[in-house]
Amino acid sequence: MKKFQKPPFKEKQNAIALAFTLGIHAVAIVGLLYLGMSKPLEQPKKVKTILVNPDDLPQTIDYETTAENQAEEIQSPIVDETLPQNLPATPSQPTEQQLAAEKQKAEQIQQEKLTAQERQAEADAKRKAEADAKRKAEADAKRKAEADAKAKADADAKRKAEADAKRRAEADAKAKAEADAKRKAEADAKAKAEADAKRKAEADAKRKA
């Protein structure tokens, strides 16, 4: 910063200019802090700080009027009427911890869904296996019952055939025996009759002689 030699009669002007310069700096710093904390919707305008040389100030007797004019010129650039006085609070962005917790929660929900699906699939597979086993057992039992019934029927038929054959054989044997006995009886009777007739004829012939 350049140093200027100030005449003694301008000390009051220098003091006023310095005071307003410091005031402008303070206002600018407060404005920057406010704008930085409130997150404005638009980019704030740059604050320009103007150093006033007392030699450049107009020579007037009314120093307070001059100081007020300078303050208005210096402060006017930092006033932005388009910015709202009360800015709405911007919702805070989720932190990494919150994002991690949400991700973990989503993964947990997905894992629970997968576990439920696996349990459902296992239950369905178990029910299907039990149903298949039941159908197979019923089919096997039915086939066995049919096979047993067929075997019994075959055995009954075989026994019946054997019994019928035996009865026929016995009947045939009895009929043959009866026929043989009848023929023998007839033959015996015929032989006896012939013998009796012969003896009678011989006896008659002997008597006549």
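Read the figures in this text as sums done on the coordinates, not as results from a lab. Every value quoted in this text rests on a predicted model; they were computed, and no experiment measured them. Note: ideal-geometry Cβ built from the backbone for every residue, glycine included; neighbour counts use all protein chains shown.
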Exercise. For every other residue with a beta carbon closer than 14 angstrom to the beta carbon of Lys113, add +1 if it is Lys or Arg and -1 if Asp or Glu, then tell me the sum.
Key: -1
Exercise. Could you work out how far the C-alpha centroid of the range 162-209 sits from that of the range 90-154, in angstrom?
Key: 94
Quiz prompt | Net charge of Cβ neighbours under 13 Å - reference Ala163; Lys, Arg +1; Asp, Glu -1 | solution = +2
Quiz item: So how much slack lies between Ala151 and Glu138, counting 0.36 nm per residue of separation and subtracting their Cα-Cα distance, in nm?
Solution: 2.7 nm
